[in-house]
Amino acid sequence: MRVVYRGLAVAAAVAAVVAVAVVVVLPPEPDEVAAGPVTAPPAAPSSSGSAPSSAPAATPSSAPAATPAAASTSAPRETPSPGASLAPGYTAMEALYADPRVPRLTRGVKRMPLRSPGKRFVKDTRTGLAVPKLPRPWKVYRAAPFTTRQALPKRRGASPRGMFVTCPLPIMEQKSPRDTALLAARWTLNHHPKGSRITWIASQPVKRGWLLVYRVAYGKRSSRAAVVVMDGGTSKPGLAFVTVPDSQRKQWRDIGRVASGVRVLG
């Protein structure tokens, strides 16, 4: 009988172990399955070309990195904005042509006759240029931030006034003096009232450089202006820039003196 009881006890213990094991291996309830971790499917490109967010990050051995060339061709270029720094991928001339303030310089823009230069000059050793010393009422003023500066007296009720300055070229030099002069004319809009626009009057080569004469319109007012870009033998070409508002139109004739009189110092 003791053997029988021992056998029954062993059988009961085995049955209890089996019951516990069944409880352990039984699957959980459906809600627990949904809340548990889900194995991500193999990474595969979708129709939009992007991988699912649940996919694991690819290792360097499984997916090659994009090359710089591919990245540059896929990303669209930004449009250059007027008066701002260059957008990535654009040249200085492309930014110029995208600026609505500066029209294209066509062959219809004629040359202007140049008079004989005067005998009085202001020497600018930093640019290697000699420029006309304009007659009264022009006066020589403190040059900074330029290298030479002449200006007309201020007029009551009119903030812009005539100015004639020289300095080393403040913009990027181009392959042709004409293109460099175009960029310089655009730069001079920084010294005109906000909203200014250019209309070309004259364009022509000069010795070792280029001359542009133009009208600058801002609202109901305007100025006449000119730039001369010339290689004076220094590290950068020199720029001569003159502007005279319509409130001082009697001095518009001095723009011709500037256009005719800029020369290489020597």
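The values are calculated or read from the model by the stated rules, or taken from the named source; none is laboratory data. Here the structure is a predicted model, which is why all the values come from computation and not from measurement. Calculation scope for accessible area: heavy atoms of the full protein, side chains included, ligands and nucleic acids excluded. Shrake-Rupley method; radii C 1.70, N 1.55, O 1.52, S 1.80 Å.
Key figures for this structure:
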item	result
q = 0.16 Å⁻¹: log10 I(q)/I(0) that the Debye formula gives for segment 94-244, counting C-alpha atoms only	-0.91
Among the listed pairs Lys119/Lys154; Lys175/Lys236; Lys133/Lys236; Lys175/Lys207; Lys207/Lys236, those beyond 18 Å (Cα-Cα)	Lys119/Lys154; Lys133/Lys236
Distance between segment 132-158 and segment 225-266 - C-alpha centres, whole angstrom	13
Reduced Cα scattering model of segment 126-174, Debye log10 I(q)/I(0), q = 0.15, 0.26, 0.29 Å⁻¹	-0.48, -1.03, -1.15
Å² per residue, accessible surface of segment 89-199 at 1.4 Å	62
Space enclosed by the convex hull of the alpha-carbon atoms of segment 207-249, per residue, Å³	71
Surface share of carbon and sulfur [accessible, 1.4 angstrom probe, percent] for segment 187-266	49
